[in-house]
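One structure is given here, and the rest of the page talks about it.
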Amino acid sequence: MNVSKIRTAAMMRWLSTSISLLPVLILPVSADTVYQKPPKAVLDILSAPEAPQVSVSPTRDRILLIESVRYPSIADLAQPMLRLAGLRINPITNGMHRSGQRGGGVIGLTLMKISDGSTVKVTLPPNPAIGLLAGGTGFRGMSRASSWSADGKYVAFTNTTASGIELWVLDANAGKAQKVQGIAINSAYGEAFQWMPDQRTLLIQAIPAGRGKAPEEPRVPKGPTIQENVGKKAPVWARAALPRVTGRFWINLIWPPWSQSGSIVALKNPMSR
């Protein structure tokens, strides 16, 4: 039997199967379509609370139980984002995009005494998005700032709202948290706050009161973006900011992208075989 005829017949059978399934795969699309939710049994599993994280006070007499949600909300993911040197900044809050410390973010705090196991639920503002500093040792053995004061009497944390980032201080003895009035935190880069040696003063990154609005991005570019290699160091796109050369595929730069002559740039299509 002719091999080409066998292949042609197999291809026709495959096409007929694909065409017959096509009407089933096409779903009606409406302008009023909203996000759909799974059945309640699945939703309960996805929304089940995680085991709390634990932060022990420097004096080892209290534990801070940190409650968080597993997944960020659509509203959180839809916040505006500016990319700068590998950072993803929310220009509205002056903090990182997706301010949650883990998963969907920290939403609850509970203080526990190690001596007797008694607990105090910390009262937080509505719809909290809490930010804590973990402390410990960071890059190259450098110590990182901690939300706990060194004497274990206070816990500082941030709360991200729709318009900015607030600074709060928790009294570990009383179990009450209080907002520091008149402060707008800038946590776009670095530690938003850190305790000073007296353990009563906080050094913070604040937004100046007289700072103006962010400059508006021009709607029409002045000209094309041009990059060239003339035997000197040249910038290379970060992976998160690579341009879409076509409507379907991302184009990756092969490192190093430039040839020794500087006349050729190597690109790779990750979807190609």
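Only the coordinates and a few stated rules stand behind these numbers; no lab work does. Predicted model, so just to flag it, every value in this text is computed and none were measured. Positions of Cβ are backbone-derived with ideal geometry, glycine not excepted, and every protein chain shown enters the neighbour counts.
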Return the loop-located trypsin sites (Lys or Arg not before Pro) in region 36-66 (DSSP other than H, G, I, E, B) with at most 15 other Cβ atoms within 10 Å of their own Cβ; answer none if there are none. Arg60
Label points 7 Å out from Cα along the Cβ direction at Ala51 and Arg219: separation in nm? 5.5
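Shape verdict for region 38-80, please, from the Cα gyration tensor: rounded (a/c under 1.5), prolate (a/b greater than b/c) or oblate.
oblate
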Computed lengthening from Ala150 to Ile114, 0.36 nm per intervening residue step minus Cα-Cα distance: 11.2 nm
Under a crude label model (7 Å from the Cα following the beta-carbon direction), how far is Arg60 from Lys121 in nanometres? 3.1
Which residues does a label at Val42 reach in region 74-93, if reach means a backbone N under 19 Å from a point 7 Å past the Cα toward the Cβ? 74
Charges at C-beta only: +1 for Lys and Arg, -1 for Asp and Glu. How large is the resulting dipole of region 42-133 about its Cα centre, in Debye rounded to 20? 280
Would you pull out the residues with amide H under 5 Å of Leu133's amide H, same chain only if 5 or more places away, H placed 1.01 Å from N? Ser147
